[in-house]
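Remarks on the structure that follows.
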Amino acid sequence: MTDLLNIIHILPPMRAGEDLFSALEVLPKYDESICTAEVPMRLMALSDLYRIYVPSQMSLEIYSKMYLALLRSLQKKGTKLAVQQRNQNYKAVIQQEYSGIMGGSDSFTIIGASGIGKSSAISRAITLITENRVIEVENPYTKIIPCICVQCPFDSSVKGLLLEMLRKVDEMIDSKYYQNALRARTTTDMLIGSVSQVALNHIGLLVVDEIQNVCNSKNGKSLVGMLTQLINNSGISICMVGTPKSAVFFEQAVQLARRSLGLRYDVMEYGTDFRNFCEIVFSYQYVKQRTEITDGIMEWLYEHTSGNISVVVSLIHDAQEIAILNGKEILDLETLNEAYQKRLSMLHGFIHMEQKKQTSKPKKKVSVTSVGVKNPIREGDSGEVTIAGLVSVAKDENVDIVRLLKEHMTVMEVAV
């Protein structure tokens, strides 16, 4: 138990540097003897790949941003302004008189491409900051949830989001706010006042995921306006998480843009972080013939995932699954390419569209015959692969021209 004025001292000390990096990292236990186990056991253990979390610079920045936002929010809980705001929130519910005393601009965004690990980074940061527990305050007695995560409704329903917040609070502290709101059939205006009161009393930081849903809904601006009013009436910090699509929405007007200042990320570039991530994930092998990752494999992975780490994990996972099921029992470029063609076909268009740089050296003019023999395509001295050269090789060696084209350049097939 602690006093409301000293609540910020309840938080764990803020970490930084190598200490923070090691605390965020999650590496499941791995025993090489699993490679000799029965097929069902290996396939089950293979799912450990999805539990791996390797921190990056993005992880460190998200942790720091969320820690400081929660700290600012908790600092307001025991102030005189908080007491005045509670009275105003009561009037908002009963008399429909809205007045934001606490105010502030404690909202920020975390915008990044889908699959780069935003949600995982936020989850790890919350676990470290809050230690997964509710704070109990003695004077006055109350329970404070350091962080609540909700998802923006697909239709950007203001009432739907407000009710979901009440449901999450009930889930954490065993209250009945959600049931009471349903029973009273409260209007959206009344809900804003009651949720502001609940947030002031029980919530430190609110994380709203999938905020890009506001872009294609007529209720989008209403929902962002509600979040702004919630900040003014409760003083809590709000973090909005979404894809780059949401950035276009927030840039439409100043009142939206000033509420969306924050962190922005893209897919990982080919460098030390990407190579380190690939080495760690590749070391978790469950096939019988163990192989070591090479520079060529890492370059291939980057070219076929555009640096999206979630696709890298899925590709290595599915390649091993295929190798175990078809009896090849080896993780190499052949099984990786088979997984890419069979399991990730729906992502091919997005990967080629997002790809920004070619990491490998320009391919020499080679073709692969059906028996795997490599022959040079001798079309001049420039070293460039030409369509004419590929056609010539296809004729000479009786190889499918479409297959050759796919190996050397981007090919889009359309139905006629």
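The values are calculated or read from the model by the stated rules, or taken from the named source; none is laboratory data. Owing to the predicted nature of the structure, the values given are computational and were not obtained by experimental measurement. Cβ sites come from the backbone with ideal geometry, for glycine too, and all protein chains shown count toward neighbours. Remember, those area values only see protein heavy atoms, side chains included, never the ligands or the DNA or RNA. Shrake-Rupley method; radii C 1.70, N 1.55, O 1.52, S 1.80 Å.
The table below lists the values:
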item: Matching residues, segment 183-198, being assigned to a helix (DSSP H, G or I) and among the β-branched types (Val, Ile, Thr); result: 188, 192, 195, 198
item: Some residue of segment 128-150 being at pLDDT 90 or above, in a helix (DSSP H, G or I) and farther than 19 Å from residue 228 by Cα; result: yes
item: Whichever residue in segment 165-182 is in a helix (DSSP H, G or I) and among the acidic types (Asp, Glu) and, among such residues, is least open to solvent (accessible area, probe 1.4 Å); result: 170
item: Any hit, segment 333-343, residues being at pLDDT below 95 and in a loop (DSSP other than H, G, I, E, B); result: no
item: Enumeration of residues in segment 318-339 that are under 25 Å from the mean Cα position of the chain (by Cα) and either open to solvent by 10 Å² or more (accessible area, probe 1.4 Å) or free of Cβ contacts under 8 Å to residues at least 12 places away in the same chain (or both); result: 318, 321
item: Test: residue in segment 238-256 that is farther than 21 Å from residue 155 by Cα, open to solvent by 40 Å² or more (accessible area, probe 1.4 Å) and among the β-branched types (Val, Ile, Thr); result: yes
item: Hits in segment 199-221 - residues which are under 17 Å from residue 150 (Cα atoms), open to solvent by 10 Å² or more (accessible area, probe 1.4 Å) and not in a loop (DSSP other than H, G, I, E, B); result: 202, 209, 212, 213
